[in-house]
Amino acid sequence: MTWKVLYVQSRREKQIAKQIFELGIEAYVPLKTELKQWSDRKKKVITPLINGYVFIKPNQNQRDEVFNIEGILNYVRYNGADAKVTNREIEILKAIESKGYYVEFNNKIEVNIGDVVEIKAGKFKGLAGVIEKVGKKEFCIVIIKNLDFQLKIKLEKGTLEKVK
């Protein structure tokens, strides 16, 4: 079975994933922890890494069963069919979630904005991206092709290799 992606109402991702799990379908929402500042206090808040998406692993009979849950809008479609996400891509999202977008490695290389790079270390190894910002640390935009969205990952220069 492959993973599929559901569009869901924003701010309901965790609740919907729980209801899908209760139907006996594996569900996953990558989360991030952010420190939010209000005028009177700061608080750590857990929010979805990708707003409006829930990843599920249904069998053929369960595909339409999820629409009984309020807040599910549709399946993400790609090339006329349900978008499929590989286990490797889910592992990468879980690594991003657990690592907090950060991978550490020591070698340094020179990169410039717009360079195409491949990640050479850590759980993101093998992914390609484009340098958006260069500083002491840079952001590498990793595009998960099947989903047509961009994910920014903060990486050390040493984890990257230029693609020629």
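Can you pull out every residue in the range 123-146 that is crowded, with 18+ Cβ neighbours inside 10 Å and either at pLDDT 75 or above or part of a loop (DSSP other than H, G, I, E, B) (or both)?
Phe124, Leu127, Gly129, Ile131
Quick check on Glu91: is it exposed (fewer than 14 other Cβ atoms within 10 Å of the Cβ), closer than 21 Å to Phe124 by Cα and in contact (Cβ under 8 Å) with a residue 12 or more places away in the chain?
Yes.
If the Cβ limit is 6 Å and pairs must be 6+ apart or interchain, which residue in the range 8-37 that is assigned to a loop (DSSP other than H, G, I, E, B) pairs with which residue that is among the basic types (Lys, Arg)?
Val29/Lys14
Could you list, in sequence order, all residues of the range 5-27 that are of a type outside the set (A, V, I, L, M, F, W, C) and either crowded, with 20+ Cβ neighbours inside 10 Å or modelled with pLDDT under 90 (or both)? Walk me through it before giving the result.
Of the residues in the range 5-27, the ones of a type outside the set (A, V, I, L, M, F, W, C) are 7, 9-15, 18-19, 22, 24, 26.
Across the range 5-27, the qualifying residues are Ser10, Glu13.
Give me the residue from the range 84-113 that is in a strand (DSSP E or B) and not β-branched (Val, Ile, Thr) and, out of that set, modelled with the lowest pLDDT.
Tyr102
The values are calculated or read from the model by the stated rules, or taken from the named source; none is laboratory data. Source: prediction; values computed, not measured. Reconstructed Cβ throughout: ideal geometry from the backbone, glycine too, with neighbour counts over all protein chains shown.
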